[in-house]
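The structure under discussion appears below in the form of structure tokens.
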Amino acid sequence: MKSDNYNLKIAVQKSGRIADKSFALLRDIGLNFEISDRSLFTKCENFPLEIMLVRDDDIPEMVELGVVDLGIVGENIILELNKNIIRLKALNFGKCKFVIAVPNESGINRIEDLNGKKIATSYPFQTKQFFESRNVKVEIIVINGAVEITPLLNMADAIADLSSSGSTLKMHELREIEEVFKSEVKLISNPNSLTNGRKKLIDKLLLRIDSLLCAKKNKYVMMNLPEQSLPKISELIPGITSPTIMPLNRKGYVALHSVVAEEVFWDTIEKLKELGATGILVSPIEKMVV
Ligand code: PRP
Ligand code: ZN
């Protein structure tokens, strides 16, 4: 297969929880494509990539079979379907956890209390594995959605399901008794796609994804500060690159530009103010290649 005329194929959820964010990610890495209402396939205008729009449950199998090279899908589905695929990258969205939950009023507090009980879930494989690993015998009731309603209908004593904001559990008067695993959306690939020309194209996409994810994790910060506090401030913001320092008209003051990690952002800003920084401006970073 010649590398220069091969189109990579990626499977993406057509509609549902992760569809829009998956499209947004592809667009944010510079790919142009149109999605029309009922179309199940679209082609990138500026990259050799074809996008298949499918149900997310079908993505791991399509990737395993090699009918597509890549897929964007939640770890929950990857674990449940247990296919032979490679996880290339966590994409930092669709974060949730798979939990065991029981009605608020029930006396059940520990997994062991569920011995002999009924558990409703859309994830029978994960649920079976989890209870087996804890040596607790349960009856698994498979239901395809709206699992939270089953305790109300006396169909089950507990549920095993995803929780993100926690509002669905709360709304149905359920409480979590244990977290089984955490999940987020991943880019997956078929092992055979990681060779030759396809690998080159996949690496190009990965570089773009890395620069986008890295940019999202950081902010660009600009400020004025007394020259004398420079040593302390440089310590505070080591930055990805060392900070840029420029003279100002105002005597004894300089301007400093730097990259600050989002997770330590508020902490850092407070400390900067204490050290005399003024006129602090913060901007998002669009792409960051390190
Ligand atoms: C998912 C999941 C939970 C809910 C969790 O269901 O199965 O029910 O979202 O989200 P929250 O903690 O933010 O409330 P989804 O809405 O996809 O519907 P379904 O289970 O009926 O498919
Ligand atoms: Zn649900």
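Orientation-averaged projection of the stretch 11-81 equals 4.6 nm² [convex hull of Cα atoms, one quarter of hull surface area]. Taking every DSSP bridge with both residues inside the stretch 1-89, close to 25 percent are antiparallel. Taken over the stretch 213-290, the convex hull of the Cα atoms encloses 82 Å³ per residue.
Overall size of the stretch 120-270 from C-alpha positions, given as principal axis extents largest first: 75, 49, 27 Å.
In the chain, the DSSP-assigned H stretches of four residues or longer account for a calculated mean residue ellipticity at 222 nm of -7500 deg cm²/dmol, using -39500 (n - 2.57) per stretch and the full residue count as denominator. Under 20 Å from a label point set 7 Å out along the Cα-to-Cβ vector of GLU235, the amide N atoms of the stretch 246-280 belong to 254, 256-261, 264-278. Largest mean-square fluctuation among SER39, SER211, SER189, in a Gaussian network model of the chain whose springs join Cα atoms under 10 Å apart, belongs to SER39.
Counted residue by residue at 0.36 nm each, then reduced by the alpha carbon distance between them, the extension gain from LYS137 to ARG27 reaches 34.9 nm. Using a 7 Å offset from Cα along Cα-Cβ at ASP210, what residues in the stretch 71-110 end up with backbone N under 14 Å from the label point? So the set is 88-90. Of the residues ILE285, ALA11, ILE177, the one whose Cα sits farthest towards the positive end of the charge dipole of the chain is ILE285 (charges of +1 on Lys and Arg Cβ, -1 on Asp and Glu Cβ, taken about the Cα centre). When both the stretch 52-103 and the stretch 108-145 are represented by their alpha-carbon centers, they are found 21 Å apart.
Give the calculated FRET efficiency between ILE245 and ASP203 to the nearest 0.05, with a Förster radius of 30 Å applied to their Cβ-Cβ distance. The formula returns an efficiency of 0.25 here. Computed on the Cα trace of the chain, the radius of gyration divided by the Kirkwood hydrodynamic radius gives Rg/Rh = 1.09. On the beta carbon distance between ARG87 and VAL264, with R0 = 30 Å, the FRET formula returns roughly 0.65.
Enter the mean projected area of the convex hull around the alpha-carbon atoms of the stretch 246-289, in nm², rounded to one decimal.
Seen from a random direction, the Cα hull of the stretch 246-289 projects 4.0 nm² on average.
For the stretch 6-59, the list of trypsin sites (Lys or Arg not before Pro) that fall in a loop by DSSP and count at most 14 other C-beta atoms within 10 angstrom reads ARG38, ARG55. For the stretch 1-149, with equal point scatterers placed on the C-alpha atoms only and solvent neglected, what are the log10 I(q)/I(0) values from the Debye formula at q = 0.16 1/Å, to two decimals? Treating every Cα as an identical point scatterer, log10 I(q)/I(0) equals -0.93. Considering only alpha-carbon pairs that sit under 8 angstrom and 6 or more positions apart, the relative contact order computed for the chain is 19 percent. What residues of the stretch 207-225 lie in the reach of a label at LYS287, counting those whose backbone N is under 11 Å from a point 7 Å from the Cα along Cα→Cβ? What the label zone holds, given the 11 Å backbone N cut-off, is 207-212.
Amide H to amide H, with H built 1.01 Å from N, LYS9 comes under 5 Å of GLU50, ASP69, LEU70, counting only residues 5 or more places away or on other chains.
Values in this text are rule-based calculations from the coordinates and carry no lab data. Predicted, not measured: the structure shown is a model, and the values here were computed from it. Positions of Cβ are generated from backbone atoms using ideal geometry, with glycine treated the same way; all protein chains shown enter the neighbour counts.
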